[in-house]
Amino acid sequence: MYTYIKTFISFAFLASVSTVSANSAFEKGVVEKTYTPAQVIENKNESFPKSYSGSRLEGWALLSYVVAKDGSVNDIEVISHSAVVDTQAEAQRYLNNLVFSPAIKGEQAVESGYLFTYQAGKYFTGYANDKASRGFISGYDDVNTLIKEKNFKEAELELAQLFTDHTKNTAEQALFAWLKSQFYYFQQQWQGFDEQVKVAYLLRAQLPTELHYTVVKSALQWFIYKQDFYLAYNAINSLGKIEGKVFTSENKLATTKQVDELLAQTTVINTEITLHDQQVDYISLSRANIVLENAQNLEQVELRCANQVVKFSPSKQIVYAVDPASRRCGLLLKSKKSEQLTLTQTGEIIVGLSDYK
């Protein structure tokens, strides 16, 4: 008897930016308005790689990668990954077995940057491994009750036990992340809440329909609060794609209008960034002018976009202006040691719901 592993992937395409500048004043480059993004032309991975392990353990990883001018994959960086099983190397191997046609800007092949979500789901002979176990559900309910009773000390102990004993597949990891986000939420521990709600949002498709809907709505509110309009529009788009839930065009229009108005009113976006030793972070951008402070000790600072990869030299202050025609841009940061940075965004809006159509 054996199991086989089915891989689930998704690509998030970023948009174009101009040439690099680290001057004291904003410098706007010239960028093509049209381009062809990189596309997968060959997948050398096995469709159903076999596993002779009877374990229910599954993993996931969120990565950023670069498609070179020759279509090869380079510069893979892991942004976040499963705490249950290390899937980083597996995810990187999967990416390296993809062959792309390169992005084209004008008539030239260019480097391009993308996001990639990898999940490997195990399927055993006779049944799927896509549901939470009875043991997990029982422990989940116990912790949920303790959180509602504000018995946080006991809830913390039970959370640790639930993770060790019963959190195995990605469905259970998604549920665990949501439960732990609530543990932090009711104690107003916002850094922990931020980390866990993002995991729950990333794994949202593994959740039951009603909880899937709740997670996306909660994430939308949190992204708006954090002034991450890139992810806010992503969440609005996600609300309309939940099987079994109706998110009417009227509701979508009204929600989008609210976010549009908030973004228009938020002319300055300040983001405090905490990086730990050798940590990689990815900060999505909503406005064109960026100033990154205290970046002199970083190992890597890049704008990764669908028609250009922009590499900055670490310095105390990095100043850059993204072309207003660009969309879905992200800033990749990698630290040598623990760092505190500040990112300020001003200028023209470079994100909207239309980016997700």
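Numbers for the structure displayed
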{"quantity": "In region 300-357, the residues that are among the small types (Gly, Ala, Ser) and touching a residue at least 60 places away in the same chain (Cβ under 8 Å)", "calculated": "Ala306, Ser313, Ser315, Ala321, Ala325, Ser326, Gly330, Ser335, Ser338, Gly347, Gly352"}
{"quantity": "Subset of region 195-222 (residues that are of a type outside the set (Gly, Ala, Ser) and open to solvent by less than 20 Å² (accessible area, probe 1.4 Å))", "calculated": "Val197, Tyr201, Leu203, Leu207, Val215, Val216, Leu220"}
{"quantity": "Among the residues listed as Tyr118, Tyr94, the single one being of a type in the set (Phe, Trp, Tyr), within 30 Å of His166 (Cα to Cα) and not in a strand (DSSP E or B)", "calculated": "Tyr94"}
{"quantity": "Output for region 323-357, where each listed residue is acidic (Asp, Glu) and surrounded by 22 or more Cβ atoms within 10 Å (Cβ to Cβ)", "calculated": "Asp323"}
{"quantity": "Residue in region 241-259 that is within 17 Å of Gln345 (Cβ to Cβ) and of a type outside the set (Ser, Thr, Tyr) present", "calculated": "yes"}
{"quantity": "Residue check for Phe100: open to solvent by less than 30 Å² (accessible area, probe 1.4 Å) and either modelled with pLDDT of 95 or more or on the phi > 0 side of the Ramachandran plot (or both)", "calculated": "yes"}
{"quantity": "Candidate set from region 300-322 (those that are open to solvent by less than 10 Å² (accessible area, probe 1.4 Å) and in a loop (DSSP other than H, G, I, E, B)); member that is modelled with the highest pLDDT", "calculated": "Val322"}
{"quantity": "Residues (within 13 Å of the chain's Cα centre (by Cα) and not in a helix (DSSP H, G or I)) located in region 219-230", "calculated": "Asp228"}
{"quantity": "Odd one out for Tyr127, checked against (1) touching a helix residue (DSSP H, G or I) at 6+ places or on another chain (Cβ under 8 Å); (2) modelled with pLDDT under 95; (3) open to solvent by 60 Å² or more (accessible area, probe 1.4 Å)", "calculated": "(1)"}
{"quantity": "Residues of region 324-345 that turn out to be over 15 Å from Gln278 (Cα atoms), out of contact with any Phe, Trp or Tyr (no Cβ under 9 Å at 6 or more places or on another chain) and assigned to a strand (DSSP E or B), as a count", "calculated": "4"}
{"quantity": "Selection count, region 231-272, where residues are in a helix (DSSP H, G or I) and open to solvent by 20 Å² or more (accessible area, probe 1.4 Å)", "calculated": "17"}
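Residues are listed down the side, and each one gets a yes or a no for (1) of a type in the set (Val, Ile, Thr); (2) within 30 Å of Gln187 (Cβ to Cβ); (3) free of Cβ contacts under 8 Å to residues at least 12 places away in the same chain:
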{"residue": "Tyr94", "(1), (2), (3)": "no, no, no"}
{"residue": "Gly106", "(1), (2), (3)": "no, no, no"}
{"residue": "Thr117", "(1), (2), (3)": "yes, yes, no"}
{"residue": "Arg134", "(1), (2), (3)": "no, yes, yes"}
{"residue": "Gly139", "(1), (2), (3)": "no, yes, no"}
{"residue": "Lys150", "(1), (2), (3)": "no, yes, no"}
{"residue": "Ala160", "(1), (2), (3)": "no, yes, yes"}
{"residue": "His166", "(1), (2), (3)": "no, yes, no"}
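The values are calculated or read from the model by the stated rules, or taken from the named source; none is laboratory data. Since the model is a prediction, treat every value here as computed from it, not as a measurement. Backbone-built Cβ (ideal geometry, glycine too); neighbour counts: all protein chains shown. Only protein heavy atoms, including side chains, enter the accessible area calculation; ligands, DNA and RNA are left aside. Shrake-Rupley method; radii C 1.70, N 1.55, O 1.52, S 1.80 Å.
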